[in-house]
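A.B. asks: Submitted below is the structure of interest, expressed as structure tokens.
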Amino acid sequence: MCGIVAAAASADIVSVLIEGLRKLEYRGYDSAGLAVLEPGGITRRRALGRVTELARRAEGLAATTGIAHTRWATHGAPAEHNAHPHISDGLAVVHNGIIENYEALKAELQALGYAFTSETDTETIAHLIAACLKVQPDLAEAVRLACQRLQGAYAIAVIAAADPGRVVVAREGSPLLLGVGAHGHYAASDASALLQVTRQMIYLENGDLADLRADSLIIRRIHGPVGAQVSRPVVLSQLSADAVELGQYRHYMQKEIFEQPEALANTLEMLGGAHSLQAGLFGADAARLLAEVDAVLILACGTSSHAGMVARYWIESLAGLPVTVEIASEYRYRESVPNPKQLVVAISQSGETADTLAALRHARELGQPATLAICNVPESAIVRECVLRFITRAGPEIGVASTKAFTTQLAALFLLTLVLAKQQGRLTEADEAAHLQALRHLPVAVQKVLALEPEIAAWARDFANKQHALFLGRGRHYPIALEGALKLKEISYIHAEAYPAGELKHGPLALVDKDMPVIAVAPNDHLLEKLKSNLQEVRARGGELYVFADQGCQLYAEAGEGVHVLALPEHYGPLSPILHVLPLQLLAYHAALIKGTDVDKPRNLAKSVTVE
């Protein structure tokens with residue numbers, strides 16, 4: 001959730017640290033700080049709020065070695081004294097993650113005379129390394145000894161006044177990678193922070209410790225033999241520097257909404273000349289593994305779980321396989337019945353979502369070896385730990401509220417549905433050809449929906465002074481209603497809930513009045529008549545209706561006082577959820593714009609949830 005940048009170079013790195021933190025702002029944070037090695041020792045600057053304020057306080061600094069951090073509060077309130085880096089006896093530490101045994105370590109260190117000035121678990125790491133330095137004077141070995149005592153998830157970077165020109169980093173559970181540049185070596189939470197200096201990346205594995213200098217790089221294992229080195233491959237990052245620039249758009253969220261045609265085209269590029277689908281889309285062993293599957297378990301959090309819920313409708317309908325969708329943060333804490341022949345699908349934009357990763361490992365421990373990652377980051381932990389994988393190719397998603405990652409996940413899950421249906425002998429050649437054509441046309445269909453932005457922006461003005469909103473959907477569009485409600489509450493701070501439309505009489509109808517806008521997803525499918533009846537129930541109670549309808553829904557006659565209907569350009573069958581989520585994204589964006597909230601970095605939220 002937080003962001004780390006570190007550098008050991010032959011040239012000034014202060015601007016590299018600051019720019020790296022700017023690239024990591026999308027992860028969410030409430031404070032920022034840096035520490036650099038100057039001739040007189042460690043110089044630290046910290047600021048509550050945005051990286052811009054930290055940059056102002058860092059003016060005039062020059063150094064070739066340093067560490068920097070954006071903090072999202074876990075232990076200790078957002079405050080400057082809790083901001084990283086934390087210092088102890090001439091060394092400074094930045095840290096992502098949560099140290100579960102910090103209270104016991106803190107008591108032990110206080111007994112040794114170490115004074116704590118913050119409420120963070122990170123300060124415990126700083127004092128622990130300082131204590132280890134007294135028995136092991138080499139910085140890398142002292143960090144290694146300290147890490148052996150830490151329980152929980154962490155990525156850390158350390159500098160010491162007594163060891164100029166050196167940065168030591170370590171990883172266990174939280175993401176951390178290295179950059180190999182022309183003028184030195186670098187570390188960061190993700191590649192976007194380092195594209196300014198290099199595209200050559202090394203992805204550390206859990207339990208790795210790296211010793212960085214301007215002209216050398218050594219990687220060891222935290223729990224391995226003393227002095228033993230390991231090698232990790234250098235990977236050329238596929239990100240480009242301009243991929244994370246704002247460009248002509250006001251916000252990253254807006255940019256990413258309008259990048260969805262391209263993101264979907266990239267994700268579905270392999271279908272260009274294909275006349276049939278092959279299981280190999282999901283990996284070399286996919287044909288063998290998927291042929292043995294008799295059920296599907298989907299593990300995901302937040303927006304990704306909504307994608308999984310849509311996929312449940314698709315897979316059960318087209319492939320005839322039972323599907324369970326589990327909230328990853330709940331799955332491993334309950335007694336479940338494992339099925340060794342079930343396909344375990346882990347969905348994550350970042351591939352580092354802590355709860356999803358832990359749930360995946362739990363599923364494997366229960367004896368369910370067939371695993372598939374659907375992810376936007378090819379080098380991420382979830383991708384590396386799954387047997388099969390599908391990379392969605394959405395490109396960097398900076399806005400905290402997910403948009404293009406969600407629609408590309410849906411596209412990937414529909415491909416999986418078709419492959420499973422084919423494996424089960426339930427997909428005719430004619431149906432396969434029709435679905436492939438619909439997928440090829442999808443980017444064009446999406447572009448047509450995005451052209452409705454002016455009308456949706458006009459609707460959004462009605463939401464500016466509302467406190468609550470209700471979203472309705474039926475069947476495979478109920479998860480889309482959930483996603484629409486999530487987007488509105490995430491970035492506009494309007495309380496929003498979603499219900500299956502048939503559940504109105506079971507409670508939500510009591511909330512409906514003239515001050516409660518009701519947003520309905522109305523595709524032209526077999527549930528349309530049922531949905532019309534539900535909408536009449538809303539109108540009878542004075543509720544204001546906003547309906548996103550397919551062409552041919554025959555809802556236009558319903559429009560009038562208290563009923564607003566916007567027709568999507570075309571009906572899209574099973575893929576309709578992908579089209580219907582787009583106006584809900586735009587509605588949330590423009591409502592937030594009118595309310596003046598921080599669209600890309602909503603309060604209290606982070607992009608990559610890498611702690612439990």
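A.B. asks: Whole number please: convex hull volume per residue of the Cα set in region 25-69, in Å³?
C.D. replies: Spread over its residues, the Cα hull of region 25-69 gives 68 Å³ apiece.
A.B. asks: Skipping prolines and chain starts, which residues have an amide H placed within reach, meaning under 5 Å, of the one on HIS564, given they are 5 or more residues away or on another chain?
C.D. replies: LEU545, TYR546, VAL547
A.B. asks: Can you tell which of VAL387, LEU439, ALA464 lies farthest toward the positive end of the dipole of the chain, using +1 and -1 charges on the Cβ of basic and acidic side chains (Lys, Arg; Asp, Glu)?
C.D. replies: VAL387
A.B. asks: Taking the chain as the reference, fit the longest principal axis to its C-alpha atoms, fit the long axis of helix 478-492 to the helix C-alpha atoms, and give the angle between the two in degrees, 0 to 90, nearest 10.
C.D. replies: So the helix axis and the longest Cα principal axis differ by about 50 degrees.
A.B. asks: HN-Hα J couplings of region 336-349 from phi, Karplus 6.51/-1.76/1.60, θ = phi - 60°, integer Hz, Gly and Pro as x?
C.D. replies: Per residue, the Karplus-derived 3J(HN,Hα) values read 10, 9, x, 10, x, 9, 8, 7, 9, 10, 9, 10, 7, 5 Hz.
A.B. asks: Moving to a separate point now. At a 10 angstrom cut-off on C-beta neighbours, averaged per residue, how do the peptides 82-94, 440-452 rank from highest to lowest?
C.D. replies: For the peptides 82-94, 440-452, the packing ranking is 82-94, 440-452.
A.B. asks: About the Cα centre of region 1-152, how large is the charge dipole given +1 on each Lys and Arg Cβ and -1 on each Asp and Glu Cβ? Please answer in debye to the nearest 20.
C.D. replies: Roughly 260 debye, rounded to the nearest 20.
A.B. asks: May I ask which residue of VAL94, TYR114, THR70 lies farthest towards the positive end of the charge dipole of region 16-114, with charges of +1 (Lys, Arg) and -1 (Asp, Glu) on Cβ and the Cα centre as origin?
C.D. replies: Ranked along the dipole, the leading option is THR70.
A.B. asks: Between rounded, prolate and oblate, where does region 563-607 land on the alpha carbon gyration tensor, with a ≥ b ≥ c its root eigenvalues, rounded for a/c under 1.5, else prolate if a/b exceeds b/c?
C.D. replies: Here region 563-607 falls in the oblate category.
A.B. asks: In whole Hz, what ³J(HN,Hα) sequence does region 294-306 give by Karplus (6.51, -1.76, 1.60; θ = phi - 60°), x for Gly and Pro?
C.D. replies: My calculation for region 294-306 gives 10, 6, 10, 10, 10, 10, 6, 10, x, 4, 4, 5, 5 Hz in order.
A.B. asks: Determine ³J(HN,Hα), in whole Hz, for all residues of region 151-168 in sequence, where each value follows from phi through the Karplus function 6.51 cos²θ - 1.76 cosθ + 1.60 and θ = phi - 60°; x replaces Gly and Pro.
C.D. replies: 10, x, 10, 7, 9, 10, 9, 9, 10, 9, 4, 7, 10, x, x, 9, 10, 10
A.B. asks: Keeping all protein chains in position, work out how much accessible area MET201 exposes to a 1.4 Å probe, and write it in Å² to the nearest 10.
C.D. replies: The value for MET201 is about 0 Å².
A.B. asks: Quick one: pull the percentage of alpha-carbon pairs in region 64-208 with a separation above 26 Å.
C.D. replies: 20 percent
A.B. asks: Placing +1 on the Cβ of each Lys and Arg and -1 on the Cβ of each Asp and Glu in region 145-279, which of PHE258, LEU195, ALA155 has its Cα farthest towards the positive end of the resulting dipole?
C.D. replies: Checked the options; the winner is ALA155.
A.B. asks: Mean projection of the alpha-carbon convex hull of the chain over all orientations, in nm²?
C.D. replies: Values: hull surface 111.9 nm².
Across all orientations, the chain yields a mean hull projection of 28.0 nm².
A.B. asks: Antiparallel DSSP bridges in the chain: what percent, to the nearest 5?
C.D. replies: Given both bridge residues lie in the chain, the antiparallel proportion sits at roughly 60 percent.
A.B. asks: Assigning unit charges at the beta carbon (Lys, Arg +1; Asp, Glu -1) and nothing else, what dipole magnitude in debye, to the nearest 20, does the chain show about its Cα centre? Mind showing how you got there, number by number?
C.D. replies: Working: 54 positive and 66 negative charges, 39 e Å.
It comes to approximately 180 debye.
A.B. asks: Same structure again: Given labels modelled 7 Å from the Cα in the Cβ direction, how far is it in nm from LEU450 to LYS514?
C.D. replies: 3.9 nm
The values are calculated or read from the model by the stated rules, or taken from the named source; none is laboratory data. The model shown is predicted, which means the values in this text are computed figures rather than measured ones. We place every Cβ from the backbone using ideal geometry, glycine too, and count neighbours over all the protein chains shown. Just so you know, the surface numbers come from the protein's heavy atoms only, side chains and all, with ligands and any DNA or RNA stripped out. Shrake-Rupley method; radii C 1.70, N 1.55, O 1.52, S 1.80 Å.
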